[in-house]
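Quick note: the coordinates plus some simple rules give every number you see, no bench work behind them. Being a predicted model, the structure only gives us computed values, none of them experimental. Neighbour counts are summed over all protein chains in view; Cβ atoms, including those assigned to glycine, are modelled from backbone coordinates with ideal geometry.
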Amino acid sequence: MSTIGHDLLVRERGDVRLEIDPVAGGRLASLVVDGFEMLARTGGDPVAWGCFPSVPYPGRIRDGKFDFAGKRVELPRNLFPHAGHGTVLNRAWTVVDDRTLSIDLGPAWPFSGRVTQTIDLEADALHLGLTLEADEPMPGAVGWHPWFPRRLGGGGTGPAILRFDAARMFIRDADGIPTGETRAPTQRPWDDCFTGLRSPPSLTWPGALRVELTSSCDFWVVYDEPPDTICLEPQSSPPDFVHLDPVVVEPGQPLMAWMTWRWSADPGATER
């Protein structure tokens, strides 16, 4: 069943209810599975709740500026002194149909283009897609920024168990920005970008739910420093890609990515 009302796109499949907020950056505002809210919904900061697309740059851009094709680009430094998470997370998207939203890249991005997001819900899975189209050559990357609660149901379950296994982790400098060099992963907690996943990341809330994430993206940011939330963010390029390894999106050659969440009931689990 799909309905649109109160500026929300609502989809239901059995015991699963998904709310999409086009006005608040085309984000997933709520995902309730078997009565458990799987997305963190606290805080008024648009960077800090739900699951939103990060386009045309996921993560941070150092000092909010870079050069491209002889042009100096200066972006809003919303994560001062850096720019962060793209230009579409706090702008209203257009609802094309009950599974598709789109938006242009906005006045903060000095290149003409648009992004389309597709959202498909099943009883045990969520499938998301992003397509970034350029009207002129431009640097571009896409990703998602989901916030998961450490405890489901207002603390009614055990804390989430994160399973994440990657070969390499980007080294960050004193500003917290990747330098381009990598190393073996350190011990948690993390606010870091990884590559070379050995298995799909997952979160398990013992006795309640388990969710596994897969994506076409080669880079993942894990942010598990906050006491109440965990972020697992697939990205087509690492943070500050415009300085590290600029990917150029050409007219007629869109950049595309997908992400799938698949969940199941968890009869019980232990930390390991």
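Overview of values
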read-out	value
Where labels lie 7 Å past Cα in the beta-carbon direction, separation of Asp175 and Glu74 in nm	1.5
Potential extension, Asp45-Asp228 segment - 0.36 nm per residue separation minus Cα distance	64.3 nm
Separation in nanometres of the label points that stand 7 Å from Cα toward Cβ, at His127 and Gln187	4.2
Loop-resident sites, region 68-137, for GluC sites (Glu not before Pro), counting at most 16 other Cβ within 10 Å (DSSP)	Glu122
Linear extension gain, Ala108 paired with Leu244, 0.36 nm per residue minus alpha-carbon span	46.8 nm
Cβ crowding within 10 Å averaged over residues, with 179-187, 19-27, 214-222, 244-252 ranked highest first	19-27, 214-222, 244-252, 179-187
Residues Thr204, Thr94, Thr260 arranged by fewest to most Cβ contacts within 10 Å	Thr94, Thr260, Thr204
Sorted by Cβ density within 10 Å, fewest first, the residues Thr87, Thr157	Thr157, Thr87
Thr157 long-range amide H proximity, modeled H, under 5 Å	Leu152
Asp7 paired with Thr118, simple spin-label distance in nm, labels 7 Å along Cα-to-beta-carbon	2.8
Value of [θ]222 nm, deg cm²/dmol, for the chain, DSSP H segments ≥ 4, -39500 (n - 2.57) each, nearest 500	0 deg cm²/dmol
Fewest-first sequence of Ser202, Ser112 by Cβ atoms within 10 Å of each Cβ	Ser112, Ser202
